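The structure appears right after this line, and notes come after that.
The values are calculated or read from the model by the stated rules, or taken from the named source; none is laboratory data. Keep in mind it's a predicted model, so treat the numbers as computed, not measured. Glycine gets a Cβ as well: all are built from the backbone with ideal geometry, and neighbour counts include every protein chain shown. SASA here: full protein model, heavy atoms, side chains in, ligands and nucleic acids out. Shrake-Rupley method; radii C 1.70, N 1.55, O 1.52, S 1.80 Å.
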Amino acid sequence: MMHINAWIEVLLSTLRDVFPIAAIILGFQLFVLRRKPKNLAKILIGFGFVIAGLAMFLLGLEQALFPLGKLMAEQLTAPAFLLADSSMTEQQLVWYSYLWVYLFALCIGFSTTIAEPALIAVAIKANEVSAGAVSVWGLRIAVAIGVAFGIALGTFRIVTGTPLHYYIIAGYVLVIIQTAFAPRNIVALAYDSGGVTTSTVTVPLVTALGLGLATHVPGRSPIMDGFGLIAFASLFPIIAVMAYAQLGNYLRR
Amino acid sequence: MLKQITKPLLDSCRDLLPIVVVIAFFQLLILRQPLPNLMELLVGMLFVVLGLTLFIRGLELGLFPIGESMAYDFARKGNLFWLLAFAFALGFGTTVAEPALIAVSAEAATVAAEADMIINTDESRSGYAFGLRLTVALAVGFAIVIGVLRILKGWPIQYLIIGGYIGVVLMTMIAPQEIIGIAYDSGGVTTSTITVPLVTALGVGLASSIRGRNPMVDGFGLIAFASLTPIIFVMGYGLVY
């Protein structure tokens, strides 16, 4: 019956997260707008679904996927795995000794982004607003490719120990160049897609991967080098979504 | 009727399939280990699928409609002060208690203590972490205010974002080395799963209820500001602390 207790705990913490939002909405509805929203009962049921759904979602992730994913991130970065089939020592590890880690980063970045509820929400909205011109799956896959590439590059950066800001600034330059050429109505959505990708599913697994790497790679320290993966995961989707729109335009021509 | 229930469930299964495939592939073929606690794993997956399905349904019933209805009401009321006050409260209020942010600020305090930026005591560390949380929450509140103003005025988003990027680059040059990684990451952790749909619905609702605004061009972008300003504010915090 451990499940029941765990469920209540997660439900309480979800309620705590929703509380400030609900209080702000309620306060402004009552004292500023002074109007009862249409379909109030439906909205309240919807909030109930959101809270219960998110709590179940998180509980399931914490019980099943996160422990396994985190353990996996640790094992894949550990010298015991990296040196299993060779006669090398830890000091001889080079950046390409970590190929499985990059591949894992790529796959986990892609797959967690596809399951990210906030991204599903934004994709539904974008599809609705663009009258179908932006497809739900097209956007989700473009963002997922961006995150996958970002996290793989981020693990490469931790392994090589190159400074984070060079990558970020280069990414910014690319975004600015693309903005000049991308279709005007995709720009705001593309900028948004950077922020929505990193929430419930992606952050815990990616953080575990970054910390595992920074702990095991010789010469890196978890507190100085473990950061930065989230930043990569928020930057590269912007590039990927603009590229997706540019490609769509190009193919239609 | 039955199809109304099975279709969303199947959709959720499809959303989660990639993660299952990736984890099974690495566990069985690369690490060559069996899947532990198969039963618990399956129960967990069932929870994830049901939870995601409920969440998406709730989104369409509750979060989207309330965000849009408030946007219409604010637009009709036409009071700029209250709209901006709401924007700030939404940004600040949803961020200050965000669990991911609490975790990151605590970590940042440890980094600051190791780097001798602050004295390494529990008290000074928790003071530093709390200050950082307030800084990020202020940054997000400010971001939503700027973003809403942009929608009202129809300013092109790229100039504001590029301006923000220049701000990030300039701050990177003068901010203490130790804070840079945390600052860059803080942009990503601020936007939670409940805030994103609400803020998106608000932006799109505002853009569609104001004449001359295109919801696609002007409605999106609030999240973008909310992920950019914390980077600048956190580096500023590192400078002055």
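Just the residues that are closer than 18 Å to residue B:87 by Cα and either open to solvent by less than 20 Å² (accessible area, probe 1.4 Å) or among the hydroxyl-bearing types (Ser, Thr, Tyr) (or both), please, taken from the stretch A:1-48.
A:18, A:21, A:25, A:29, A:32, A:33 - these are the residues of the stretch A:1-48 that are closer than 18 Å to residue B:87 by Cα and either open to solvent by less than 20 Å² (accessible area, probe 1.4 Å) or among the hydroxyl-bearing types (Ser, Thr, Tyr) (or both).
Let's see how each residue does on (1) in contact (Cβ under 8 Å) with a residue 24 or more places away in the chain; (2) closer than 25 Å to residue B:203 by Cα; (3) of a type in the set (Ser, Thr, Tyr); (4) assigned to a loop (DSSP other than H, G, I, E, B):
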{"position": "B:112", "(1), (2), (3), (4)": "yes, no, no, no"}
{"position": "B:118", "(1), (2), (3), (4)": "yes, no, no, yes"}
{"position": "B:124", "(1), (2), (3), (4)": "no, no, yes, no"}
{"position": "B:129", "(1), (2), (3), (4)": "yes, no, no, no"}
{"position": "B:139", "(1), (2), (3), (4)": "yes, yes, no, no"}
{"position": "B:142", "(1), (2), (3), (4)": "yes, yes, no, no"}
{"position": "B:146", "(1), (2), (3), (4)": "yes, yes, no, no"}
{"position": "B:158", "(1), (2), (3), (4)": "no, yes, no, no"}
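Here is a list of conditions, (1) among the acidic types (Asp, Glu); (2) on the phi < 0 side of the Ramachandran plot; (3) more than 9 Å from chain A (Cβ to nearest Cβ); (4) without any contact (Cβ under 8 Å) to a residue 12 or more places away in the chain, and residue B:60 meets all of them except one; can you say which number that is?
(3) is the only condition that residue B:60 fails.
Being among the polar types (S, T, N, Q) and more than 24 Å from residue A:138 (Cα to Cα) is the filter here, so list the residues in the stretch B:5-59 that pass it.
Hits for the stretch B:5-59 are B:27, B:33, B:37.
Do we have residue B:2 as facing chain A (nearest Cβ under 9 Å) and either open to solvent by 50 Å² or more (accessible area, probe 1.4 Å) or of a type in the set (Val, Ile, Thr) (or both) here?
Judged against the criteria, residue B:2 is not a match.
A quick yes/no check of all residues on (1) more than 10 Å from chain B (Cβ to nearest Cβ); (2) in contact with a His (Cβ under 6 Å, 6 or more places away or on another chain); (3) over 19 Å from residue B:186 (Cα atoms):
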| residue | (1), (2), (3) |
| --- | --- |
| A:113 | no, no, no |
| A:120 | no, no, yes |
| A:129 | no, no, yes |
| A:139 | yes, no, yes |
| A:147 | yes, no, no |
| A:168 | no, no, no |
| A:179 | no, no, yes |
| A:187 | no, no, yes |
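Quick one: residue A:95 ticks every box in (1) open to solvent by less than 10 Å² (accessible area, probe 1.4 Å); (2) in contact (Cβ under 8 Å) with a residue 12 or more places away in the chain; (3) hydrophobic (A, V, I, L, M, F, W, C) except a single one, so which number is it?
With (1) open to solvent by less than 10 Å² (accessible area, probe 1.4 Å); (2) in contact (Cβ under 8 Å) with a residue 12 or more places away in the chain; (3) hydrophobic (A, V, I, L, M, F, W, C) applied to residue A:95, the lone miss is (1).
With the requirement that a residue be open to solvent by 50 Å² or more (accessible area, probe 1.4 Å), within 7 Å of another protein chain (Cβ to nearest Cβ) and more than 30 Å from residue B:178 (Cα to Cα), what does the stretch B:67-121 give you?
Selection gives B:77, B:82.
Can you give me the number of residues within the stretch B:202-226 that are closer than 25 Å to residue A:123 by Cβ and surrounded by fewer than 24 Cβ atoms within 10 Å (Cβ to Cβ)?
Matching residues across the stretch B:202-226 total 8.
Here's a check for you: in the stretch A:49-77, which residue that is open to solvent by 20 Å² or more (accessible area, probe 1.4 Å) and more than 7 Å from every other protein chain (Cβ to nearest Cβ) is farthest from residue A:94 (Cα to Cα)?
Among residues in the stretch A:49-77 that are open to solvent by 20 Å² or more (accessible area, probe 1.4 Å) and more than 7 Å from every other protein chain (Cβ to nearest Cβ), the one farthest from residue A:94 (Cα to Cα) is A:51.
Among (1) in contact with a helix residue (DSSP H, G or I) (Cβ under 8 Å, 6 or more places away or on another chain); (2) free of Cβ contacts under 8 Å to residues at least 24 places away in the same chain, where does residue A:34 come up short?
(1)
State whether the residues of the stretch A:226-241 include one that is open to solvent by 30 Å² or more (accessible area, probe 1.4 Å), within 22 Å of the chain's Cα centre (by Cα) and of a type outside the set (Val, Ile, Thr).
No, there is no match, as no residue in the stretch A:226-241 is open to solvent by 30 Å² or more (accessible area, probe 1.4 Å), within 22 Å of the chain's Cα centre (by Cα) and of a type outside the set (Val, Ile, Thr).
Please enumerate the residues belonging to the stretch B:22-45 that are more than 7 Å from chain A (Cβ to nearest Cβ), outside any loop (DSSP other than H, G, I, E, B) and open to solvent by 60 Å² or more (accessible area, probe 1.4 Å).
Selection gives B:25, B:28, B:29, B:38, B:39, B:42.
Which pairs have Cβ atoms under 6 Å, sit 6 or more apart or on different chains, and link a residue in the stretch A:56-78 that is assigned to a helix (DSSP H, G or I) to one that is open to solvent by 40 Å² or more (accessible area, probe 1.4 Å)?
A:56/B:47; A:56/B:50; A:59/A:7; A:59/B:47; A:60/B:47; A:75/A:81; A:76/A:100; A:77/A:216
Could you please let me know if residue A:207 is under 13 Å from the mean Cα position of the chain (by Cα) and surrounded by fewer than 24 Cβ atoms within 10 Å (Cβ to Cβ)?
Spelling it out, residue A:207 is indeed under 13 Å from the mean Cα position of the chain (by Cα) and surrounded by fewer than 24 Cβ atoms within 10 Å (Cβ to Cβ).
Would you say residue A:153 is over 24 Å from residue B:195 (Cβ atoms), buried (at least 24 other Cβ atoms within 10 Å of the Cβ) and either without any contact (Cβ under 8 Å) to a residue 60 or more places away in the chain or more than 7 Å from chain B (Cβ to nearest Cβ) (or both)?
no
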